[in-house]
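Down below is the structure, laid out as structure tokens.
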Amino acid sequence: MKEELLSLEKEVSQKVDAVQDLKDLAEIKVYVFGKNGVITNLSKGMRDVEPNQRKEVGMLINDLRNKLENKIQEKEKLLEEKLLNEKLESEKIDITQPGKDCKVGALHPTSDVIDKLTDICVNMGFSVVEGPEIETDYYNFEAMNIPKNHPSRDMQDTFFITNEILLRSQTSAVQAREMEKRKPPFKIVCPGKTYRNDSDATHSPVFHQLEGLVVDENISMADLKSMLLTLMKRLYGEDTVIRFRPSFFPFTEPSIEVDLTCPTCHGKGCSICKGTGMLELLGAGIVNPKVLEMSGIDSKKYRGFAFGFGLDRAGMLLNNISNIKSLFKNDIRFLEQMKGER
Ligand code: PHE
């Protein structure tokens with residue numbers, strides 16, 4: 001019996017020594033301790049051992065079980081360590097390698113100015129709204145007091161899709177849409193794309209405007225002036241001065257055009273403002289009572305002011321861009337320059 005146990009110990013020890021991975025070791029475990037394992041069978045065989053020898057044989061088997069268990073455990077630890085080391089070695093990160101360059105984008109100057117202006121307006125209590133770019137003749141013109149064949153339609157070279165459908169030529173088209181929906185008092189701004197058949201260094205057939213509309217009781221030109229001055233100062237700096245010039249829009253009466261001190265030279269005169277120190281940036285005025293009435297607002301009780309900004313122009317001034325076409329070319333070299341400017 002003793003010899004049998006010794007040779008078993010030797011056999012298993014050799015197998016354990018020779019094993020190279022955990023999977024094979026697991027097989028040995030089954031061979032030794034499994035349901036039909038050699039040790040398990042030895043224990044089962046105890047039944048047949050003479051009672052006076054049972055104690056001794058039992059101790060021998062226990063002894064062998066402990067020895068083999070330890071042996072296998074040690075090997076298991078060793079193999080696990082080996083596996084971990086291999087893993088660490090293969091997944092090693094070379095921290096001395098230079099990092100990969102990660103491209104950082106920049107906001108397009110027009111998006112940037114839209115963000116800035118709408119932020120300023122929201123802080124002044126305006127709600128931001130949107131309207132369709134494909135618009136009806138009614139909202140773009142008629143509801144703005146520009147009937148068919150009115151000469152002022154010539155001011156805007158419009159892209160017509162059909163007789164009644166067009167690409168909106170001004171964000172003023174949202175004025176009537178909002179007036180029909182809302183009850184005064186309200187303050188809205190609408191940034192968005194507008195389209196006109198016009199193309200040179202300062203005009204693009206697609207451009208962006210920001211429309212503002214305030215309707216309340218007792219609105220006056222003074223409200224418009226102070227609001228626009230605050231807006232301009234927040235956008236272009238505290239030293240900005242604005243100037244009102246009389247103008248004409250069918251939907252405002254009186255109408256004005258607003259100039260501001262050139263943000264590039266701060267009023268001294270430079271190539272951007274052609275030496276005048278001032279730049280024209282928007283149209284505005286007191287909403288024509290006819291426009292209020294057409295959209296169902298009582299013009300005896302309420303008055304309004306409205307303004308319309310050229311956003312591309314506003315963004316060009318913020319970033320010293322001289323040709324509007326650069327805004328729409330998507331030339332990566334141009335867009336790269338917008339980084340770090342803000
Ligand atoms: N819609 C006018 C334009 O595009 C600008 C404007 C808006 C003027 C609101 C007055 C009031 O030229």
Just to check your reading of the model, which residue among Leu229, Leu282 is surrounded by 15 or more Cβ atoms within 10 Å (Cβ to Cβ), within 16 Å of the ligand (Cβ to nearest atom), within 20 Å of Gly125 (Cβ to Cβ) and among the aliphatic types (A, V, I, L, M)? Leu282
Given the conditions (1) surrounded by 15 or more Cβ atoms within 10 Å (Cβ to Cβ); (2) within 16 Å of the ligand (Cβ to nearest atom), every one holds for Phe248 apart from (1)
Kindly indicate the residue of the stretch 212-226 that is in contact with a Leu (Cβ under 9 Å, 6 or more places away or on another chain) and of a type in the set (Val, Ile, Thr) and also farthest from the ligand (Cβ to nearest atom) among those meeting that condition. Val215
Taking the stretch 128-160 and keeping only residues that are within 13 Å of the ligand (Cβ to nearest atom), closer than 20 Å to Ser204 by Cα and among the hydrophobic types (A, V, I, L, M, F, W, C), one is left with Met155
If I ask for residues that are in contact (Cβ under 8 Å) with a residue 40 or more places away in the chain, surrounded by 10 or more Cβ atoms within 10 Å (Cβ to Cβ) and out of contact with any Leu (no Cβ under 6 Å at 6 or more places or on another chain), which ones from the stretch 77-109 would you list? Glu80, Leu83, Ala106, Leu107, His108, Pro109
Being surrounded by fewer than 17 Cβ atoms within 10 Å (Cβ to Cβ) and in contact (Cβ under 8 Å) with a residue 60 or more places away in the chain is the filter here; which residues of the stretch 285-295 pass it? Lys290
So if I check each of Ile72, Ile61, which one is over 60 Å from the mean Cα position of the chain (by Cα), within 27 Å of Asp24 (Cα to Cα) and in a helix (DSSP H, G or I)? Ile61
Note on the stretch 296-321: residues hydroxyl-bearing (Ser, Thr, Tyr) and buried (at least 19 other Cβ atoms within 10 Å of the Cβ) are Tyr302
Please enumerate the residues belonging to the stretch 75-96 that are assigned to a helix (DSSP H, G or I) and among the basic types (Lys, Arg). Lys75, Lys77, Lys82, Lys87
Here are some residues: Glu133, Glu142. Which one is in contact with a Leu (Cβ under 9 Å, 6 or more places away or on another chain), farther than 16 Å from Phe307 by Cα and surrounded by fewer than 20 Cβ atoms within 10 Å (Cβ to Cβ)? Glu133
Can you confirm whether Lys100 is basic (Lys, Arg), closer than 25 Å to Gly192 by Cα and not in a helix (DSSP H, G or I)? no
Filter the stretch 251-278 down to the residues that are under 24 Å from Gln156 (Cβ atoms) and buried (at least 20 other Cβ atoms within 10 Å of the Cβ), then identify the one that is farthest from the ligand (Cβ to nearest atom). Leu260
Going through Arg333, Arg313 one at a time, which residue ends up being under 20 Å from Ile120 (Cα atoms) and under 25 Å from the mean Cα position of the chain (by Cα)? Arg313
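None of the figures in this text is laboratory data; all of them are computed from the coordinates on show. These figures come from a predicted structure and were not determined experimentally. Ideal geometry is used to build each Cβ from the backbone, glycine not excepted, and the neighbour counts take in all protein chains shown.
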